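Reading through the C-alpha cells given below for one structure.
Rule-based calculations on the coordinates, nothing more; no lab input. Just so it is clear, the structure is predicted and the values come from calculations on it, not from any experiment. So basically every Cβ, Gly included, is an ideal-geometry build from the backbone, and we count neighbours across all protein chains shown.
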Amino acid sequence: MSGVQVMTWSLAILAAAMTALLVMTAVGRLLRLRRRRRREHLRDKLRPAVVALLAEPDGELQLPSTGRRTEDLFEVLSLDYLAKVRGESREALVRELDARGTVVAAERRVGRWGGVGRASAAELLGRCGLPRSRDPLLGLLTHRSAEVRRVGVRALGRLGDPETVAPLLALVDAKRSVPAATVTQALMRVGAVGAPALRSALRSGSPVQRAVAAETLGLQRAVEAVPDLVVNLDDDNAEARVRAAGALGRIGDPRAFEPLVRSLNTDVSLRVVAAHALGDLGDPNAVSTLVDLLDGARHDVVTAAAESLTRCGPDGLVALRRCTDRGGDGFRQARAALARFELGRSPTNVEADYIQFPVT
Amino acid sequence: MRDVVATVLHAFDTFVLGYFLVLNTFYLGLIVLAGAEIVHVFRRHRFAGYEDLFTSPLTPAVSLVLPARNEEVMIVESVEAMLSLRYPEFEVVVVDDGSTDGTFECLRSAFDLVELPSAAPDDVPVVGLILGTWVPRDGRPVVVVRKESSGSKGDAANAGINAARHPIVGVTDADAVLDEESLLRVVKPFVDDPRRTIATGGTVRAANGSTIHRGRVIDARMPRSWLARIQVIEYLRSFLLGRTGWSRISGLLIISGAFGMFRRDIVVELGGFRHGAIGEDADLVARMHRLMRERRQPYRIEFVSEPVCWTEVPESLAVLGRQRRRWARGLADVLWTHRRMIGNPRYGRIGLVVMPYYVVFELLGPVIELLGLSTALLGLVFGLLDPGFAALFFAVALGYGVLLSIVSLLIEELSYHRYERWRDLGTAIVVSFVENIGFRQLHAWWRLRGLWQAVRNRQLDWGVMTRTGFLTEQDPAVDGPVIADVTGATETRPSHRTR
C-alpha cells in the first residue's frame with residue numbers, strides 16, 4: 001500500500017470516527033434532555049405526595065403512578081427528605097420505604113458483589129436507621145473497598161446502636177482501616193448511649209483506639225468520662241495524650257485543671273493542646289501558668305497560651321496587657337491575641353485537627 | 001542531490017507524523033482514563049457524604065490564600081463570593097502584593113478593616129517586606145496582608161501561607177469564581193485519606209461569556225470571542241480531562257495555582273513556593289513528589305474533576321501569547337530544576353513516565369511541530385513533496401487533534417454538560433475544528449518563544465496582564481443583587497494570574 005493510500009485510509013477512518021462521536025454527542029444530549037424532562041415531570045407529581053405523608057404521618061402515601069421509575073424516584077426523594085426531617089415524619093417515611101420492600105432490597109444489595117451497589121444500599125439503610133440493619137452493615141466493615149467501608153461506618157453511626165461502638169473503633173487500626181475522623185463522626189452519631197463503651201475503650205490495648213475514644217468523648221461533652229481522660233494524660237502514646245487533653249478542654253470540667261497544668265510541664269508533645277484546653281476551661285488560676293508559656297520558643301505554644309489568656313476572664317486580660325511590653329514572640333502574640341479578642345475573633349481551633357495529628 | 005533532500009524531507013515528515021500519532025494516542029489514552037474516572041465519580045455521587053463532611057466538626061479547616069495585585073475592579077466581590085462558599089470552617093487570606101491601585105482601599109472600606117499587630121510566624125521565607133496585617137472589625141474570617149511586591153505570585157502566596165492558621169492551605173486567584181460546593185469537594189480526599197493526601201486541585205474553566213450572580217456562575221455560556229472559545233475547548237481537553245487522566249494514574253504534575261489545596265505542614269517543610277520560579281504551582285507539586293518519593297512515604301496528589309474554578313481567559317492575541325510564553329518558560333524551568341528526576345526510577349512513574357512525557361511532548365513539542373511544518377512547506381515550495389500527499393499528511397496529523405477535542409466534548413456532554421444551549425454545543429464543535437488551523441500553529445510559536453526565553457534565561461515581563469474584569473449590571477428581575485457578565489476588555493494593569 002502506498003503512502004497516499006495509507007493517508008487516505010487514515011483520514012477516512014478519522015472522519016468516520018469523528019462523525020460517529022458527533023452523532024453520539026448529539027444523541028446523548030437529546031436523550032439526556034428527554035430523560036431530565038420526564039424525571040422532572042414525575043418528580044413534580046411525586047413530591048406533593050411525599051410532602052403530604054410528612055405533614056400527616058398517619059396518612060397513607062398515594063403515589064401518582066406505579067412502575068420501576070416511580071419507585072426509584074421515590075427512593076431518591078425519600079433519601080433527600082430523610083436527611084432533613086425528624087420525628088414522626090421521618091418514621092412514616094421509613095415505614096413506607098420498608099412497606100414497599102425498599103429496605104429489604106437494600107439489605108440484599110449490601111451482600112451482593114459490587115462496591116457501588118453495596119455502598120448505595122448502605123447509605124439507604126443508614127438513612128433509614130432501622131436496628132435490624134446492623135448486621136448487614138457490620139458485614140461491610142471488612143470490605144476490600146475503602147469507600148464501601150467508609151459508607152458502612154457512616155451508616156452504622158446513624159443507627160445509634162451502642163453495640164456498634166466496638167466494631168467501629170476496631171476499624172481505626174484494622175488492616176482494612178477507615179480514617180479516624182470518619183469513625184469519630186460515626187461514634188458521635190451513636191450518641192450518649194455509646195459513652196460507656198467509649199470509656200471502656202480508653203483502656204484499650206490500641207493507642208489509636210484510645211485516642212479516638214477520647215476525641216469522641218470530648219466531642220460528646222461526656223462529663224462522666226473526665227476521670228478516665230485525666231488518666232489518659234499520662235498515656236504512653238503521644239497521640240492518645242493529645243486527644244485526651246483536647247477532650248478535657250472541650251468538656252470544660254474543673255477537675256481537669258490540675259492535671260492539664262501538670263501535663264504542660266511534663267509533656268512537650270501536648271503543650272499546645274493543653275494550653276488551648278486551659279483556655280477552654282477559662283479558669284483564672286491558669287493565668288500565671290499560661291503567662292509563663294509566653295516565654296517559650298515554639299510559636300504554636302505561645303499563640304495557644306496568648307489566646308487562652310483572653311478566655312481566662314479579666315485576670316487573663318490584665319496579665320496579657322502586662323505582657324505586651326515583653327520582648328520576643330510572646331510579646332507579639334500577646335498583642336495580637338488581645339487585638340483579636342477585642343475584635344471578637346475566634347481563637348485557632350487546634351485540637352480537632354486530624355491533619356496535624358493524623359491518628360491513622 | 002535533489003533525491004537525497006527529498007528522501008530526508010520525506011523521512012523527517014514521516015517522523016513528525018509518527019510523533020503526532022504517538023502524542024495524540026497518549027493523550028487519547030489520558031482522556032479515556034479521565035472518562036473512566038468521571039464515571040467512577042458519578043456513580044458514587046449518591047453516597048459521597050458531602051453533607052456529613054459539611055456537618056462534621058472534624059472536617060479540616062481551610063485557609064484560602066488569594067494573592068492580589070491591582071485587583072480593585074473585583075477584589076471585594078471576589079472575597080465576598082469566597083466567604084459564601086459552603087464549607088464548615090475557613091478563612092480568606094488576601095495578600096495585597098504591592099498594588100498600585102485602590103485594591104487595599106476597596107477592601108478596607110468594604111470590610112471595615114483594622115490593623116492587627118503582626119503575629120504570623122516566619123514558617124516560609126518571604127522576600128517582599130510585610131507592611132501589616134488587617135482584619136474586619138466585625139469578625140468575618142478575612143485576613144488582609146499587605147506587602148511590598150517582589151514581582152512574584154509565589155512570594156505573595158508565601159506571605160499568605162505564613163498568615164494562614166489552618167492545616168490546609170488553598171491557593172486561588174483573586175479573580176477566580178468558585179462553585180459553591182467546590183471547597184467541600186476538593187477537600188474530601190484529605191478527609192478520606194488523611195495520611196496520604198498532600199495536595200489536590202480542581203478544574204479550571206473559562207468564565208468569559210457566562211453569567212455571574214453574587215460571585216457564582218449561574219449560566220455557563222460559550223464566550224463571544226473566538227479566541228476565548230478556543231480556550232474553552234483547550235481547558236476542557238487539557239485541564240479537565242488531561243489532568244483527570246494523569247491523576248488516575250497518580251501522575252499529576254501540575255495543580256493550577258488558580259485552584260489548588262495543599263497540606264500546610266508539607267508546604268512549610270518545603271519552604272513554600274520557590275522564589276523566582278515561573279511556574280511556581282508546578283514547581284511546588286514537583287517538589288512534593290520529590291520529597292515524598294525520596295522519603296519513600298506513600299502519598300497522593302489528586303485532581304478532583306468536579307469542583308470548578310471559573311476564571312477569565314485572555315481575549316487578545318497579545319495577552320494570550322504572553323501567558324503561553326510564560327507557561328512554556330515555567331514548564332522549562334520546572335523540568336530543568338528537577339532534571340534529576342527525569343528518567344530516574346527512584347521517582348517512580350513521575351520520573352519514568354510523567355516527566356519524560358513533559359520533556360518529549362510538551363517542551364519539545366513546538367520545536368518538532370514547527371520544524372515539521374517548515375520542512376513540509378519548503379518541500380512544497382521546491383517541489384520535493386507531492387501536494388496531494390502533503391495535504392493528506394496535514395489532514396491526518398490535524399484530524400487526530402480534532403478527534404481528541406470531539407472525544408473531550410462527548411465526555412463533557414455525558415458528564416458535567418455545563419453548556420446547556422444547543423448553540424453552545426454547535427460552537428464548541430466548530431471550534432474543535434477551527435483551533436487546529438491557525439491557532440494551533442500560533443500556539444506552537446508562542447511556546448517555542450517561551451522555550452527560547454528559558455534557554456536564554458531572559459527576564460520575563462511576567463507582571464503585565466490585561467485585566468478584563470467582570471462587568472456588572474443590575475439584574476432587573478431581582479431586587480438588589482448584581483449580575484456580572486464576563487466580557488470585553490476594560491483596562492490593562494499588572495496582576496497575578498495563573499493557568
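Structural remarks
- Ordered by the count of other Cβ atoms within 10 Å of each Cβ, fewest first, B:Ile406, B:Ile437 give B:Ile437, B:Ile406.
- Length gained when the stretch A:Asp135-A:Val193 is fully extended (0.36 nm per residue, less Cα-Cα span): 19.0 nm
- DSSP beta bridge pairing in the protein assembly as shown, given as percent antiparallel to the nearest 5: 55
- For B:Leu377 and B:Ser316, the FRET efficiency from 1/(1 + (r/R0)^6), where r spans their Cβ atoms and R0 equals 22 Å, is about 0.20.
- Among beta bridges from DSSP that stay inside chain B, the antiparallel ones total about 55%.
- Taking chain A and dividing mean pair separation by its residue count, relative contact order in percent (alpha carbons under 8 Å, at least six apart): 8
- Using the Cβ-Cβ distance between B:Val4 and A:Val23 with R0 set to 45 Å, the FRET efficiency works out to roughly 0.45.
- Helical segments meeting 20 Å axial Cα length and Kyte-Doolittle 1.0 threshold in chain B (DSSP H): B:2-43, B:365-381, B:387-414
- Shape category assigned to the range A:22-114 from the gyration tensor of Cα positions, a/c cut at 1.5: oblate
- Overall size of the range A:136-287 from C-alpha positions, given as principal axis extents largest first: 52, 26, 21 Å.
- Relative contact order, percent, chain B [alpha-carbon distance under 8 Å, six or more residues apart]: 19
- Ordered by the number of other Cβ atoms lying within 10 Å of each residue's own Cβ, fewest first, B:Leu33, A:Leu260, B:Leu113, A:Leu278 fall into the sequence B:Leu33, B:Leu113, A:Leu260, A:Leu278.
- All other residues whose Cβ lies under 10 angstrom from that of B:Ser84 are scored, Lys and Arg at +1 and Asp and Glu at -1, for a net of +1.
- In Hz, Karplus ³J(HN,Hα) per residue of the range A:225-235 (6.51, -1.76, 1.60; θ = phi - 60°; x = Gly, Pro): 8, 4, x, 5, 5, 4, 4, 6, 5, 9, 4
- Sorting B:His45, B:His417 from the fewest to the most surrounding beta carbons within 10 angstrom yields B:His45, B:His417.
- Helical content alone sets the calculated 222 nm signal of chain A at -21500 deg cm²/dmol, taking -39,500 (n - 2.57) per DSSP H segment of four or more residues and averaging over every residue.
- Here the Kirkwood formula, the inverse mean of 1/r across different C-alpha pairs, assigns chain A a hydrodynamic radius of 24.4 Å.
- For the pair the range B:122-172 and the range B:201-222, the centres of their Cα atoms are 26 angstrom apart.
- Reciprocal of mean inverse Cα separation for chain B (Kirkwood radius, Å): 23.5
- Placing one equal scatterer on every Cα of the range A:60-170 and applying the Debye formula, the log10 ratio I(q)/I(0) at q = 0.17, 0.20, 0.22 Å⁻¹ is -0.78, -1.04, -1.21.
- Computed over chain B, the per-residue total of -39500 (n - 2.57) for DSSP H runs of n ≥ 4 gives a 222 nm mean residue ellipticity of -14500 deg cm²/dmol, rounded to 500.
- Rounded tilt (10° steps) of A:328-342 against the dominant C-alpha axis of chain A: 60
- Taking the Cα centre of the protein assembly as shown as origin and assigning +1 to Lys and Arg Cβ atoms and -1 to Asp and Glu Cβ atoms, the resulting dipole is close to 2420 debye.
- If you sort the three axes of the alpha carbon gyration tensor as a ≥ b ≥ c, you get a/c of 1.5 or more for the range B:51-161 and a/b above b/c, which makes it prolate.
- Extending 7 Å from the Cα toward the beta-carbon at both A:Ala174 and B:Asp386 defines two label points whose distance is 6.8 nm.
- Farthest positive-ward along chain B dipole, Cα basis, beta-carbon charges - from B:Val285, B:Ile130, B:Ala228: B:Val285
- Placing pseudo-labels 7 Å out from each Cα toward the beta carbon at A:Ser200 and A:Val76 gives an inter-label distance of 4.3 nm.
- Label-to-label distance, nm, for residues given as B:Val39 and B:Phe54 (7 Å Cα→Cβ offset): 3.0
- Rg ratio (alpha-carbon, reference 2.2 N^0.38 Å) - the range B:320-388: 1.52
- Charges were assigned to the Cβ only: +1 to each Lys and Arg, -1 to each Asp and Glu. The resulting dipole of the range A:6-57 about its Cα centre is roughly 160 debye.
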